[in-house]
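Input: a single structure, listed below in structure tokens.
The values are calculated or read from the model by the stated rules, or taken from the named source; none is laboratory data. Quantities reported herein were computed from a predicted structural model and do not represent experimental measurements. We place every Cβ from the backbone using ideal geometry, glycine too, and count neighbours over all the protein chains shown.
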């Protein structure tokens, strides 16, 4: 005998789907709101950073103390300064450690929250670290594209892309940790101690 039909009419099926959608939204409401706020913040930062490049590359009508006019910075020089700033920010996030060392610390922090019974804090802990790195990556990719528009895919572009690639790899590994933390944090902790996590194998 086959399984009994759950829904007998299209209207019943639509009603069930609406209920599932509402349950999904309710269970993920905080995450969805955080994503919306993050998207709005990204738009503001993009406009601000472009104004920085445009503003710093324009000559300023200020008298020179030495009597010699100071050469205004080119747009490409301003971009390089911003890239160096975000590169230093990336190294600060890693706290002087390798990518594997940084991610190992993340796993230790996650384990502490998990063993204390703070499952949501464990997930938020990992997500917070990911947000930090994505902010750096967005800036690097934006300045990389601006450098390409100004000078093509030359040395400047390659240098910025090399830094962005490092950040992107750490985010990829961190994404894996976040997925595991949301599905089965206990398994994540076990794999970490067994050195079976992706970043432990690949790095």
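The residue list 117, 159, 101 contains one member that is more than 17 Å from the chain's Cα centre (by Cα) and at pLDDT below 90, which is 117. Of all residue pairs spaced 6 or more apart or on separate chains, those with beta-carbon atoms under 8 Å, a first member in the stretch 140-162 that is without any contact (Cβ under 8 Å) to a residue 12 or more places away in the chain and a second member that is part of a helix (DSSP H, G or I) are 148/157.
Here's the yes/no breakdown for (1) assigned to a helix (DSSP H, G or I); (2) free of Cβ contacts under 8 Å to residues at least 40 places away in the same chain:
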| residue | (1), (2) |
| --- | --- |
| 72 | no, yes |
| 80 | yes, no |
| 83 | yes, no |
| 88 | yes, yes |
| 93 | yes, no |
| 96 | no, yes |
| 104 | yes, no |
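Take residue 167 and tell me if it is buried (at least 20 other Cβ atoms within 10 Å of the Cβ), part of a helix (DSSP H, G or I), touching a residue at least 40 places away in the same chain (Cβ under 8 Å) and under 15 Å from the mean Cα position of the chain (by Cα). Yes: the conditions hold for residue 167.
Residues that are farther than 25 Å from residue 45 by Cα and part of a helix (DSSP H, G or I) do not occur anywhere in the stretch 138-145.
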